[in-house]
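Report on the following structure.
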Amino acid sequence: MVLTNCIRFTATAAGKFGQRELLCNIRSLATATVASTPSTNSTSSPSGWEQQRRQHASYGKMSGWQIHAYGVPQEEIQFSDGIKMPILKSPTQLLVRVKAASVNPIDVAMINGYGASVLNAMRCKDGGIEFPLVLGRDFCGEIVQKGLGISSRELEVGDEVWGVVPVHLQGCHADYVVVEKYCLFKKPSNLSKIDASAILYAGLTAWSGLYITGHLGDLLGAISPVGGGAGKKVLVLGAAGGVGTLAVQMLLAEGVEVFATCSPDAMQMVNNLGVKYVLDYTDPAHVQNVASVGRFDIVLDCAGKGTEYANEVPWLYDQYITFNSPVLKNIDADGFAAGMYQNALNLVRNNAAALSTRQGLVKWGYFVPAPQGIAYLQRLAEKGKLLPVVEKVFPYGSTPEAYERVAQKHLRGKVVIDCE
């Protein structure tokens, strides 16, 4: 499940403009340079791509990758150069020209229909439609237009930025994307566009699991970008993936004692991130080896093991947090009322089993697009303590291949699309 739009905007300009006048002013703002990418079989030079983007933008159109039905990525993801450009609908929104974006497992899951019931209801509530749908959650780009409620001290046209898109909204695998101000920060100057585009969705997932669900930094760690957790002990399952590689770096930066599991071919990579205690999850002995370590403050499941796994291993922990939540799946399968009942039943059953064996609480973790989380990740990145592991960069025209690689699973870090 994904929590979205935690922070509500306030229309600071409402006192000076009526609603219709305000929207007219926003839509008539001058735009900076705009850019786009050609269709899959284009051989244009980079300057030609720029001209195409400008031409598209002048007619209110852009290119992008969409789905028109649920299915599998190789069949449903389609290129279009006639997509209507998004427009600003509030004084706290910004229009960004996308330079690079990552592909996350949630993108593939949504093509398969994951969360369709809840996410489509949220999308339609905000005035959107189910299809066609542009996917893509995190990106790096340049501001080309901003709402009247955003001061020059905060963000300005021409600024290089990184940001995230709540999952029920149209995404960033296109030339342009519109996001609320709380989802967008200036890009750390020490990060390339590729690295910057590969951090925020996975990083916010790890951050919210540790600091909102897991209370690693107590209340202050959840409501501010201060972090915390020094001296605690955390086990990260699936430390070689997009979320896992960022989670271990965050924990090490906070002085947490980190243990990690991954496949044997990824052990050296995880060790190179600074983790001293790395175990091969394919070795049956690793279960007892982990148990011999003693009690963990948190077991963070980034491997999709789920809540049932918490009761299958003899480990001691205060909290077992998994990102493989059944919440949206149950609602998709059984409807809202029956699905929520099943969710509550699952949580009670798993916690009762864990507590009866002197284990701790079993919880679900979620992606949360919280500004304090972005600020936390930005602080670590600017200090050189957080850098994504990027497995492969695909050109914009090969976006379907990028989706296919993510669908194959067993990633070593992130998959990124270079949109320029």
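What do you reckon, is Tyr396 within 17 Å of the chain's Cα centre (by Cα), open to solvent by less than 70 Å² (accessible area, probe 1.4 Å) and not aliphatic (A, V, I, L, M)?
no
Among the residues of segment 278-312, what is the count of those that are outside any loop (DSSP other than H, G, I, E, B), out of contact with any helix residue (DSSP H, G or I) (no Cβ under 9 Å at 6 or more places or on another chain) and more than 30 Å from Asn343 (Cα to Cα)? Total satisfying the criteria: 3. Looking at segment 375-389, which of the residues that are of a type outside the set (D, E, K, R) and open to solvent by 40 Å² or more (accessible area, probe 1.4 Å) is nearest to Phe323 (Cα to Cα)? Filtering first and then ranking leaves Leu387. In segment 399-411, the residues that are farther than 14 Å from Ala109 by Cα reach residues that are open to solvent by 50 Å² or more (accessible area, probe 1.4 Å) and among the charged types (D, E, K, R) with C-beta atoms within less than 6 angstrom, at least six apart or across chains, in these pairs: Leu411/Glu391. When Gln372 is tested against (1) modelled with pLDDT of 95 or more; (2) over 29 Å from Ala116 (Cα atoms); (3) open to solvent by 30 Å² or more (accessible area, probe 1.4 Å); (4) in contact with a helix residue (DSSP H, G or I) (Cβ under 8 Å, 6 or more places away or on another chain), just one condition goes unmet, and that condition is (2). Has segment 207-218 got at least one residue that is on the phi < 0 side of the Ramachandran plot, part of a loop (DSSP other than H, G, I, E, B) and of a type in the set (Gly, Ala, Ser)? So far as segment 207-218 goes, yes, one or more of its residues are on the phi < 0 side of the Ramachandran plot, part of a loop (DSSP other than H, G, I, E, B) and of a type in the set (Gly, Ala, Ser). Of all residues in segment 60-116, those satisfying the criterion of being among the basic types (Lys, Arg) and either more than 18 Å from the chain's Cα centre (by Cα) or surrounded by fewer than 19 Cβ atoms within 10 Å (Cβ to Cβ) (or both) are Lys61, Lys84, Lys89, Arg97. Which one is surrounded by the fewest Cβ atoms within 10 Å (Cβ to Cβ), of the residues in segment 237-274 that are aliphatic (A, V, I, L, M) and more than 20 Å from Tyr376 (Cβ to Cβ)? By that ranking, first place goes to Met269. Regarding Val179, is this residue aliphatic (A, V, I, L, M), in contact with a Leu (Cβ under 8 Å, 6 or more places away or on another chain) and closer than 22 Å to Ser80 by Cα? Yes, satisfied. Regarding Gly384, is this residue on the phi > 0 side of the Ramachandran plot and without any contact (Cβ under 8 Å) to a residue 24 or more places away in the chain? In short, no.
If only residues of segment 195-236 that are under 20 Å from Val161 (Cα atoms) and open to solvent by 30 Å² or more (accessible area, probe 1.4 Å) are counted, the one that is farthest from the chain's Cα centre (by Cα) is Pro225.
Can you confirm whether Ser80 is in a loop (DSSP other than H, G, I, E, B) and not acidic (Asp, Glu)? No: the conditions fail for Ser80. Scanning segment 340-367 for residues that are surrounded by 20 or more Cβ atoms within 10 Å (Cβ to Cβ) and out of contact with any Ser or Thr (no Cβ under 6 Å at 6 or more places or on another chain), we see that the one that is modelled with the highest pLDDT is Gly360. Evaluation of Arg295 against the conditions (1) touching a Leu at 6+ places or on another chain (Cβ under 7 Å); (2) open to solvent by less than 30 Å² (accessible area, probe 1.4 Å) shows that the sole unmet condition is (2). Return only the number of the condition from (1) touching a residue at least 60 places away in the same chain (Cβ under 8 Å); (2) within 25 Å of Ile150 (Cα to Cα) that Lys187 does not satisfy. Only one criterion is unmet by Lys187, namely (1). Taken over segment 313-356, residues that are more than 28 Å from Asn112 (Cβ to Cβ), under 24 Å from the mean Cα position of the chain (by Cα) and in a loop (DSSP other than H, G, I, E, B) amount to 0.
The values are calculated or read from the model by the stated rules, or taken from the named source; none is laboratory data. The structure displayed is predicted, hence computed values, not measured ones. With ideal geometry, Cβ positions are generated from the backbone for all residues, glycine too; neighbour counts draw on all protein chains shown. Remember, those area values only see protein heavy atoms, side chains included, never the ligands or the DNA or RNA. Shrake-Rupley method; radii C 1.70, N 1.55, O 1.52, S 1.80 Å.
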